[in-house]
Amino acid sequence: MELGTFSVSLAVKDIKAARAFYEKLGFKEIAGKEEDNWLILQNGSAKIGLFQGMFDNNVLTFNPTDVRGIQKALKAQGVTFMQEADETTQGAAHATLLDPDGNAILMDQF
């Protein structure tokens, strides 16, 4: 099962302060708009998303090329999803599940 690129999506209180902090760690903006309250930053192969006011907790994010196939395989193993990708469609889609400790996992195919 190939989950694709991994990143952490951080729920931040102040996107400007968060951006300034992570830029000190060597991260550079690669996507998003600060005025829309979201940015994607990268340092080497490490990616983080900064999201202000979009969700309450941090999210582990994977960007697979076949979210529907992964969803089918995990459901066959008894994994329950909070939100499922529509398996009757093609293209961009996402699915969300929780790990045993309640950490949100987003599988976002774009």
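No lab work stands behind these numbers, since they all come straight from the coordinates. Please read all numbers here as calculations on a predicted model, not as lab measurements. All Cβ positions, glycine included, derive from the backbone under ideal geometry; neighbour counts span all protein chains shown.
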| Relative contact order (%) - the chain, alpha-carbon pairs under 8 angstrom, separation at least six | 27 percent
| said: Report for the range 51-110 the percent antiparallel among DSSP-assigned beta bridges with both residues inside it, nearest 5. | reply: 65 percent
| request: Give the order of I105, I30 when sorted by the count of other beta carbons within 10 angstrom, beginning with the fewest. | output: I30, I105
| field | Identified option (computed mean projected area of the Cα convex hull in nm²; candidates [x] 7.9; [y] 5.7; [z] 7.5) | value | [z]
| said: Within 15 Å, Cβ to Cβ, of G69, how many net charges do the neighbouring residues add up to if Lys/Arg are +1 and Asp/Glu are -1? | reply: -3
| message | Which of V79, V67 has the fewest other C-beta atoms within 10 Å, and how do the rest follow up to the most? | response | V79, V67
| remark: If M54, M107 are placed from fewest to most neighbouring beta carbons inside 10 Å, the sequence is M54, M107
| message | Please list 3J(HN,Hα) in residue order for the range 76-81, calculated via the Karplus relation 6.51 cos²θ - 1.76 cosθ + 1.60 where θ = phi - 60°; whole Hz, with x for glycine and proline. | response | 5, 8, x, 6, 9, 9
| Per-residue HN-Hα couplings for the range 53-70, Karplus 6.51 cos²θ - 1.76 cosθ + 1.60 at θ = phi - 60°, whole Hz, x for Gly and Pro? | x, 9, 7, 8, 10, 5, 9, 7, 10, 10, 10, x, 8, 9, 4, 5, x, 5
| Under 18 Å from K24, Cα to Cα: aspartates and glutamates that are on another chain or at least 8 residues apart | D14, E34
